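Reviewing the structure listed below.
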Amino acid sequence: MEIIQRYEDEILTILLKGELDARSSIDLDETIKVALKQEQTRIIIDCQHLSYISSAGLGVFISHLDDLKAYGGKFVFYGMNVSVYNVFEILGLHTIMEIVRDRFEAQTLMNES
Amino acid sequence: MTGKLQGSSTQISLFLIGIAGFACAAITFGYYGKPTPTDAGLWFFYLLCIASFFLGHLFFLRTWVNSRPYNSVEDILKSVLGFAVPVGLLLLPQILGISQQLPPNTLVAYQIAKSYIITLYVLGSFNLYMKLLTLRHDTNKFKFIEVFYALLVLAALYLLVRQYMHHYITFTFYAVGGVGVAYLTTRLSWISLVRKHHKAQLAFMLLLINAINGLLLYHYATGRDALLFSVYELPEIIFISVIGFSTVYALMALMALLFYFPVAEIVDQQTQELEGLMEISESARRRESVNQVFDRMFNASIRDTNSYAGWLWFKADEQDAIVKTKNVNLSQVNSFRDALVPIVYNDTNKDVLNIPVLLEFPALASMCNGFRSMLALPIVFNKEELGMLCLFKNQEQGFDNHMTNMAKTYVNFALNAYENHQVLEETLRNEHVLEEYKLARQIQQRLIPVTLAGQNGWEAITYLEPSKEVGGDFYDSFVLDENRTALVIGDVSGRGMPAALHMAEIKGIFQSLTAFNLEPKELIARANVAISACFDKNRFVTLIYLVIDKKERKFTYVRAGHCPVLYYENQRHEANYIKDEGLGLGILRSPIFTSHVHVYERPYQQNDLLVLFSDGIDEAVDPKTKDAYGYERLKASLEEASRHENLDKVMKGMLADIKRHIKENRELDDMTMILLRFD
């Protein structure tokens, strides 16, 4: 798993490359915690290269939902492949998280609020 | 028992042959004086007596020596002395000239006794030296000893016919015997078995033996007194072989021992070192504590480097350190350690610090009670500095290379023991954990029913296989009233023990909530509150709560983020997933969650099948292709297996299909499945 961050226009983009399993979830959690500390609460998750997400990976996003909301920020996901999207869908996360098709939509959505 | 009896009876007969020979020779000597070759008959009889005396006692003494448990050089030499001292005492009157003044009859008796005792000594010591040669060796390696004995037998028999033989043959005997003796006298390897503290005692014993041998030789050489038989009556071969050997060997042994004195020092030292190492490794093998191992290591280091003082400090674990001292007090150890650690550890990987002249290091010297030299060894394990061994002497240049290496070896041995100890501890700890896991599995298996309760108007078969000893999957059923039964199947995120503990919690939550007769929506909302209160933020649960009503022939359910229900309609011979909305529990931890709870209702027909499962089933991958089993395969396998009348066979058919897909894959999630058929 590769976690790449880019911060521009007050938006933090986290690019996830590979499989987000139990071990890499710890790294991702650390990354997000650091971002929150620096008050970077508008986070776009680039899932174009995310091939698999474990329940631990989902747990990371779920655990920070409330914090982000409290700071007035949010997660916006884009570029999910079908299998990853299915995992979000079955768990019902698509109803509480912002999941869009591409980067442009993601940026638009982020700037709307 | 038999062997011993046989042994002793052989001994007795050999002794009797010898005594008979001696008695006959003595009687002949007493009556006729010493026979001469001119009287051929008597002379032959006389020689026969001497030969049987000689051979009988030679082998009697040999069996006697072999039957005794000789283990050390001292024991053997003590026996030689036992034979030699009477000889010395008997020769005294002769040397002092008293024997000349004896009355004729007493003189004859004296001469006869002396002959016997001398021969006994010569033969006895010969056999004892042979024993010495083979001490701590396999006797088979010394075949030449057997040859030597055979030669002696030949020589004794040769005695009878010697006067008819050409003197060349006699000379050949002489030569062969000489070579044999020369060879045997060089066999002194037992000297190396002699330990330092025995050397003086052995040297004294050998000196005494040599003195008596000297007396004996002097006695023969001067021939001042007639014996029952003189050596010249025996062929030279016997003289050389036996008397000569014993005398020369004793002399050689004494010389060798004297030359060996300085060498023995080194050998002793090395033996001691080996013993030190063995002590340390032995204590490790006996599973003695790390403390005891280091105690031995410290004592051995002090002893074998002849150090006057020293200390050892070793951090065996986080809590406490092992500290040993000799002629140094504890407060000194601490100040020493603080002073030495930077020098030893920071000084370019030095594995030893040898300070031959401590006075050159005033800072260190001021801490010592006048010690003159010091050897410090850091104790490093896995690149971690765990301690130090420090030795002191009262003279300068106290530690040479040899001592340094030895101390290093001791430290390494102790570290090996420490490492083994650590490995062992860890294994025991792991075993303990495994044992705990086994118990946890047993408990969890009791939490999950094999047979669902309330199978009224429907029947069901269950399957649950945790990926580890315990897992986060679970299912249960609760009878609500005579017509309705609630089923719950769920999956706590994560695996192993944490998931299992939460799973137990959820079972409790549902057990209490179902007792309140709540509507499904209300029940799930309350379950979410309970779970939100006790789960970590990153942990959640997916589940299906399903109530079967046999009177209304329908089932009502809530899917909380769990794998969808797979439903087989018997009439249409078709299986389908029921797609609907629903959010997992513990994700939204506020009242908003209620808006995400959707309750669905569906009628059922006779023989319809319902499959509830966890994501371990659809996500089970083929280890080669990494291809997940998936919803489609599961659906197809249900349709295929549904032809079976027997519900058990349907389940087996579906499981077999999954197992075919995953092959030998061991890296699986928990797998759970409930197969239900309506009546």
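The values are calculated or read from the model by the stated rules, or taken from the named source; none is laboratory data. Note that the coordinates shown come from a computational prediction; the quantities given were computed from them, not determined experimentally. No Cβ is skipped: glycine too gets one built from the backbone with ideal geometry, and neighbour counts run over all protein chains shown. Heavy atoms of the whole protein, side chains included, go into the accessibility calculation; ligands, DNA and RNA do not. Shrake-Rupley method; radii C 1.70, N 1.55, O 1.52, S 1.80 Å.
Checking segment A:69-90 against the condition returns no match, with no residue being more than 14 Å from every other protein chain (Cβ to nearest Cβ), touching a residue at least 40 places away in the same chain (Cβ under 8 Å) and open to solvent by less than 40 Å² (accessible area, probe 1.4 Å).
Of the residues making up segment B:465-490, those that are of a type in the set (A, V, I, L, M, F, W, C) and either open to solvent by 50 Å² or more (accessible area, probe 1.4 Å) or part of a loop (DSSP other than H, G, I, E, B) (or both) number 3.
Yes/no matrix, rows are residues, columns are (1) surrounded by 17 or more Cβ atoms within 10 Å (Cβ to Cβ); (2) part of a helix (DSSP H, G or I):
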| position | (1), (2) |
| --- | --- |
| B:G180 | yes, yes |
| B:R187 | yes, no |
| B:S192 | no, yes |
| B:K199 | yes, yes |
| B:L202 | yes, yes |
| B:M205 | yes, yes |
| B:I209 | yes, yes |
| B:I212 | yes, yes |
| B:L217 | no, yes |
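For segment A:52-108, a tally of residues being within 30 Å of B:G496 (Cβ to Cβ), of a type outside the set (A, V, I, L, M, F, W, C) and not in a helix (DSSP H, G or I) returns 4.
Is there a residue being within 13 Å of another protein chain (Cβ to nearest Cβ), of a type in the set (S, T, Y), exposed (fewer than 13 other Cβ atoms within 10 Å of the Cβ) and more than 24 Å from A:A56 (Cα to Cα) anywhere in segment B:578-594? No, segment B:578-594 contains no residue that is within 13 Å of another protein chain (Cβ to nearest Cβ), of a type in the set (S, T, Y), exposed (fewer than 13 other Cβ atoms within 10 Å of the Cβ) and more than 24 Å from A:A56 (Cα to Cα).
When B:T28, B:T63, B:T10, B:T38 are checked against the criterion of being in contact (Cβ under 8 Å) with a residue 12 or more places away in the chain, over 20 Å from B:V122 (Cα atoms) and open to solvent by 40 Å² or more (accessible area, probe 1.4 Å), B:T10 stands alone in meeting it.
Rundown of residues vs (1) touching a residue at least 60 places away in the same chain (Cβ under 8 Å); (2) within 14 Å of chain A (Cβ to nearest Cβ), yes/no style:
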residue: B:I448; (1), (2): no, no
residue: B:A460; (1), (2): yes, no
residue: B:L464; (1), (2): yes, no
residue: B:K468; (1), (2): no, yes
residue: B:T485; (1), (2): yes, no
residue: B:E505; (1), (2): no, no
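Within segment B:589-631, the set of residues being in a strand (DSSP E or B) and over 23 Å from B:L523 (Cα atoms) comprises B:L609, B:V621, B:A628.
Could you list all residues from segment B:597-633 that are open to solvent by less than 50 Å² (accessible area, probe 1.4 Å) and of a type in the set (V, I, T)? B:V597, B:V611, B:I617, B:V621, listed by residue number.
Looking only at residues that are within 14 Å of chain B (Cβ to nearest Cβ) and open to solvent by less than 10 Å² (accessible area, probe 1.4 Å) in segment A:25-52, which one is farthest from the chain's Cα centre (by Cα)? Top of the filtered list is A:S25. The set of residues from segment B:513-557 being open to solvent by less than 50 Å² (accessible area, probe 1.4 Å) and within 11 Å of another protein chain (Cβ to nearest Cβ) comprises B:S532, B:F535, B:R539, B:F540, B:V541, B:T542.
Of the conditions (1) modelled with pLDDT under 90; (2) farther than 25 Å from A:D21 by Cα; (3) out of contact with any Leu (no Cβ under 7 Å at 6 or more places or on another chain), B:G494 fails just one. Which one is it? In the conditions (1) modelled with pLDDT under 90; (2) farther than 25 Å from A:D21 by Cα; (3) out of contact with any Leu (no Cβ under 7 Å at 6 or more places or on another chain), B:G494 misses (2) alone.
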